[in-house]
Structure formats: C-alpha cells, structure tokens
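Student: First the structure, which I've put down as structure tokens, then a few questions once you've had a look.
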Amino acid sequence: MTHLDEQARAILRQNDKGGYTLPTHGLYPYQWNWDSAFAAWGFATFDVARAWDELDTLMASQWDNGMVPHIIFHQPDPGYFPGPDVWQTGQTPETSGISQPPITAIMARLIFEIDERTGRARLEALYPKLVKWHRWWQEMRCTHGPVAIIHPWESGRDNCPDWDIGMAGVDGSAVGPYERRDLGHVHADMRPTKEDYDRYIAIVEFGRSVGWDDTKIVQDGPFLMADPGITFMLLRAHDDLAVLGRALGEDVSEIESWATTLRSALPLIWNDALNAFDARNLRDGAFANILGSGAFLAYLAGAGNPQLEAQLLRAWNAVNYGVPSADPEVDLFNPRKYWRGPTWPVVNALIAIGLNADGHIDLAERLRSETAALIRKHGFYEYFDPVDTTPCGGKDFTWTAAIWLTWARHEPQENAAKGAA
Ligand code: DGY
C-alpha cells in the first residue's frame, strides 16, 4: 500500500460519522446522497461491510413517496446554509426536499460483485428501496421524457452553465437576507455567485410553499430542466438494478420497461446544432446550447456516438488534465469556478467506466492517468483547474479519496488483471 492509499483510507475514516460519511469537514457537514454512494465504493476496497452500512444509512432516509433526499441533516451544524430550518420538509431525521444523481444502484452492483456471498443479505434489504426510488424518478421526474430536475442542486452539478437559461427565469429578488456559510470555507472565486444563491433559495421557498408536493413543483415550479447527466446515470442505474434483481431471483420486468422508456426519450436531449446531448428548458423547450460534462455520461449508458466523441475530444484536448465540466472554448468557461470549468475526479471516473464499456480503452486510460496526476500532485481536493492543475474547493474530500482507491490508483496492467472499470 502506498502513502497515498493510506491517506485516502484515512480521509474516509476521518470523515466517517458512524454509518455515514461527510463529503468533507466544514464545507459539507452532513450526509450528501451521491457523495455517500461514492464513499461506499471507496470503503468497499478495504471494508465491504462498512460500504453496505453507508448505503443502508442513505436509503434509511427515503421518503414515503420513494424520494431519497440530497442532504440528510443527521446532527445540527450551524456551519452550513441552507439548513433544515430553510428546507422545512418535516422528515425525521430532517432532510432537504430534492434528490441527487441516482448512482446508488451502480455502486451497489460494484460492491455486490466484490463478495456476492456476504453481500446477498445486504442487497436483499436494500433492493426494494432502490426499486421504489427508481420508480419515483420515473413517475415524478420523467414526466417529459428525459429526467427533469426541479433545482440545479438536484443535478449534483450545481452551477454548471447547462442551467443558465432556466435560472434566468427564476426571480430571486424577493428572497430575504441570509448568510452563506460556504464562503467561510472556500474562496468566493470557486463558488456560485450571490445571484445564483438568491435563485437557489427562491426555488427552495417555492417547494416549501407547496409542502414539497412533486406534482405541483413539476407543474408550476420556477425551474424545470432536462438533465442529460442524470438521464444517463439513471439509465445505467436501471440496468445495474435489473442485474442485481436477477441475481436475487426477482422479476425485473418493471425496471426493464423503465429503461426502455427512458432510452426512447434520448432524442429529445440531442441538440443537432451542438452535435451533442444538451440540457433543455422544459418550460419552453429551448436547448441550453452548451457542452457540459453531463453529456459525456452518455458512455455510462451505452449511448455514445461518433459526433459526441468528436465533441469530447475537442473539449478535452483544449485543456491539460481531465474532462472539463464546461466547454473550454466558450467565453463563460472558468477553470476554477465549481461546475463552470473545473475537472471533477468523480465525473471522470464515471465517464471512464462508460468509455471502457464502449471499447475506448485508450481514452479511459488517458482519463485515469490525468486524474491520478492531479491527485498525486495536490492530494484529495474536491475539484481541479484542468488547465494548470490548481486544486480547488474542499480538501481531504471523501469522494476524491474513494475515486483514488477504486479507480485512479490502478495502472492499466492491474486493471486488465482485475477486470476493473
Ligand atoms: C452546496 O451546498 O453547495 C451543495 O452542493 C448543495 O447540494
């Protein structure tokens, strides 16, 4: 085991609050949905039982309607805004009122396949909850075909340019005074703007005003956009959930039908003018007309094609390290601002899983080695400047440590030997 491996394990242990893992101390003091799923994958490299515990704790906060919230506020912490007093969802433990990328089934399959014998009982307990969550996505978020998000935070790619056209229609001017806490942890240059936050809170206030009723929010809420990223992650998660269901001897025909329906909606998020998958404002049908990293998650769902590959290579070759979160050849690209340009190890790992499955072994290896170089140079930061490698956001980050242990550290010969992602 190398020094970096030891450091990565130590970060997972330090951020472990007993059954759930903080993304990082300070900036994110609660349990976040997709962070937790990545954490589980990381734990599985040295403590499989702890990996299942992480997924159990996440799914234990599932709402009665099937939704699994994006934040679970296990213990009060004044260091985060907006906390449970702003969301007011009335859940126990308190939670936010939106979801986050549904990658849990993807990670559950990877973890199950490490040790199927002992994993079986853990999977049996988790499986019905995962089915219920996937049903919620289909019924509540796929009403327009592809996956719709009702808040940029639901995408996990909070302030990426994909959402600019939808956010332009959100009126944040009536939001009362509030104090952001993120800026006490990370420089403002790397975080969303005040205008973004006013609008984020205005959308939360709308959800609160209708008692977090999904039908009302989808119908009348201030923001509704089709998200290519979640669409592809959910497609892959449906397929993986069906594999898990078959392993348990379950009837997976409902899951298969969701996957077929969702796949048939992909033409609705293909933008011919961009030659790529693209986000879309579902209030007026307009495309975002911006190439974002969510489009490249198409590979994860077996939906890559030659035009998309050309766009991937164009954007990627315009930087030096990793796939950028926004197109480096457009003016709004900002290499250090959160999801408006930086490269994210977790997204790189998901894209690489897809590239490998699609036979693009060399591209997947290039992505792994560039991501590994960033971590080797600077450690386990939340995200990185893809041009000059500057580490950005929170440090000692759980998901970057997890991605190191599961993927970035593995040289190609080792991957071939293990059949790893
Ligand atoms: C934040 O607070 O920045 C989170 O990303 C919201 O989920």
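The values are calculated or read from the model by the stated rules, or taken from the named source; none is laboratory data. The structure displayed is predicted, hence computed values, not measured ones. Don't worry about glycine lacking a Cβ; one is built from the backbone with ideal geometry, like all the others, and counts go over all protein chains shown.
Student: Give all pairs with beta carbons closer than 9 Å in which a residue from the range 399-420 that is among the aromatic types (F, W, Y) meets a residue that is surrounded by fewer than 19 Cβ atoms within 10 Å (Cβ to Cβ) and at pLDDT 95 or above; count only pairs at least 6 apart in sequence or on separate chains.
Tutor: Within 9 Å, the pairs are W404/L4; W404/D5; W404/Q7.
Student: Are any residues in the range 63-80 part of a loop (DSSP other than H, G, I, E, B) and within 24 Å of D16 (Cβ to Cβ), and if so, which ones?
Tutor: Quick first cut of the range 63-80, residues part of a loop (DSSP other than H, G, I, E, B) only: 63-70, 74-80.
V68, P69, H70, H74, Q75, P76, D77, P78, G79, Y80 - these are the residues of the range 63-80 that are part of a loop (DSSP other than H, G, I, E, B) and within 24 Å of D16 (Cβ to Cβ).
Student: Take the residues in the range 10-33 that are more than 15 Å from the ligand (Cβ to nearest atom) and among the β-branched types (V, I, T); name whichever of them is surrounded by the most Cβ atoms within 10 Å (Cβ to Cβ).
Tutor: Across the range 10-33, the extreme among qualifying residues is T21.
Student: Pairs please, first residue from the range 46-61 and over 13 Å from T95 (Cα atoms) and touching a residue at least 40 places away in the same chain (Cβ under 8 Å), second anywhere and assigned to a helix (DSSP H, G or I) and of a type in the set (D, E, K, R), Cβ atoms under 7 Å, 6+ apart in sequence or on different chains.
Tutor: As it stands, the answer is F46/R9; W52/R122, since those pairs meet every condition given.
Student: Among the residues in the range 294-308, are any outside any helix (DSSP H, G or I) and among the aliphatic types (A, V, I, L, M)? Before you say what the answer is, go through the steps one by one.
Tutor: Residues of the range 294-308 outside any helix (DSSP H, G or I): 302-305.
Still in the running and among the aliphatic types (A, V, I, L, M): 303.
Yes, the range 294-308 has at least one match.
Student: Please enumerate the residues belonging to the range 174-202 that are away from the ligand (no atom under 12 Å from the Cβ) and hydrophobic (A, V, I, L, M, F, W, C). Break it down stepwise before answering.
Tutor: First, pick out the residues of the range 174-202 that are away from the ligand (no atom under 12 Å from the Cβ): 174-179, 184, 187-189, 193-195, 198-199, 202.
Of everything in the range 174-202, those that are away from the ligand (no atom under 12 Å from the Cβ) and hydrophobic (A, V, I, L, M, F, W, C) turn out to be A174, V175, A188, A202.
Student: Filtering the range 316-371 down to residues that are hydroxyl-bearing (S, T, Y) and touching a Lys or Arg at 6+ places or on another chain (Cβ under 7 Å), which residue is nearest to E411 (Cα to Cα)?
Tutor: Per the stated criteria, the residue is S325.
Student: Could you please let me know if D213 is away from the ligand (no atom under 16 Å from the Cβ) and surrounded by fewer than 21 Cβ atoms within 10 Å (Cβ to Cβ)? Give the steps one after another, and end with the answer.
Tutor: Values: away from the ligand (no atom under 16 Å from the Cβ): yes; surrounded by fewer than 21 Cβ atoms within 10 Å (Cβ to Cβ): yes.
In short, yes.
Student: To continue, here is another question. Restricting to the range 249-273, give me the number of residues that are free of Cβ contacts under 8 Å to residues at least 60 places away in the same chain, of a type outside the set (D, E), surrounded by fewer than 18 Cβ atoms within 10 Å (Cβ to Cβ) and over 25 Å from M107 (Cα atoms).
Tutor: Selection size over the range 249-273: 2.
Student: Related question: Scan the range 380-421 for residues that are in a helix (DSSP H, G or I), modelled with pLDDT under 95 and in contact with a helix residue (DSSP H, G or I) (Cβ under 6 Å, 6 or more places away or on another chain) and report the count. First the steps, then the outcome.
Tutor: Of all residues in the range 380-421, those in a helix (DSSP H, G or I) come to 398-408, 412-418.
With the extra rule that they be modelled with pLDDT under 95, the set shrinks to 412-418.
This time we only want the ones that are in contact with a helix residue (DSSP H, G or I) (Cβ under 6 Å, 6 or more places away or on another chain), so: 412.
The qualifying residues number 1.
Student: Something else now. Inspect all residues belonging to the range 90-106 and state whether any of them is acidic (D, E), part of a strand (DSSP E or B), modelled with pLDDT of 95 or more and crowded, with 18+ Cβ neighbours inside 10 Å. Talk me through it step by step, then tell me what you get.
Tutor: Let us first name the residues in the range 90-106 that are acidic (D, E), namely 94.
Okay, now just the ones that are also part of a strand (DSSP E or B), so 94.
After this cut, where a residue has to be modelled with pLDDT of 95 or more as well, the list is 94.
Still in the list and also crowded, with 18+ Cβ neighbours inside 10 Å: 94.
Within the range 90-106 (the criterion being acidic (D, E), part of a strand (DSSP E or B), modelled with pLDDT of 95 or more and crowded, with 18+ Cβ neighbours inside 10 Å), the answer is yes, since at least one residue qualifies.
Student: Can I ask one more? Give me a count of the residues in the range 355-379 that are surrounded by fewer than 24 Cβ atoms within 10 Å (Cβ to Cβ), touching a residue at least 24 places away in the same chain (Cβ under 8 Å) and either in a loop (DSSP other than H, G, I, E, B) or within 19 Å of the chain's Cα centre (by Cα) (or both).
Tutor: 3
Student: If you go through the range 34-54 one residue at a time, do you hit one that is within 12 Å of the ligand (Cβ to nearest atom) and surrounded by 18 or more Cβ atoms within 10 Å (Cβ to Cβ)?
Tutor: Going through the range 34-54, the residues within 12 Å of the ligand (Cβ to nearest atom) turn out to be 34-35.
Next, only the ones that are surrounded by 18 or more Cβ atoms within 10 Å (Cβ to Cβ) stay: 34-35.
So far as the range 34-54 goes, yes, one or more of its residues are within 12 Å of the ligand (Cβ to nearest atom) and surrounded by 18 or more Cβ atoms within 10 Å (Cβ to Cβ).
Student: A further question on this structure: Does Q7 fit the bill of being surrounded by fewer than 24 Cβ atoms within 10 Å (Cβ to Cβ), in contact with a Phe, Trp or Tyr (Cβ under 8 Å, 6 or more places away or on another chain) and in a loop (DSSP other than H, G, I, E, B)? Break it down stepwise before answering.
Tutor: On the way: surrounded by fewer than 24 Cβ atoms within 10 Å (Cβ to Cβ): yes; in contact with a Phe, Trp or Tyr (Cβ under 8 Å, 6 or more places away or on another chain): yes; in a loop (DSSP other than H, G, I, E, B): no.
No: the conditions fail for Q7.
Student: Name the residue that is farthest from the ligand (Cβ to nearest atom), counting only residues in the range 55-87 that are crowded, with 22+ Cβ neighbours inside 10 Å and more than 22 Å from D213 (Cβ to Cβ).
Tutor: Checked the range 55-87; the qualifying residue farthest from the ligand (Cβ to nearest atom) is L55.
Student: Right, next: Applying the selection to the range 37-62, what residues are assigned to a helix (DSSP H, G or I) and under 19 Å from P84 (Cα atoms)? I'd like the intermediate steps shown before the answer.
Tutor: Residues of the range 37-62 assigned to a helix (DSSP H, G or I): 37-43, 48-60.
Once the filter is applied, which keeps residues that are assigned to a helix (DSSP H, G or I) and under 19 Å from P84 (Cα atoms), the range 37-62 yields T57, L58, M59, A60.
Student: Would it be correct to say that G156 is within 16 Å of the ligand (Cβ to nearest atom) and at positive phi?
Tutor: Answer is yes for this residue.
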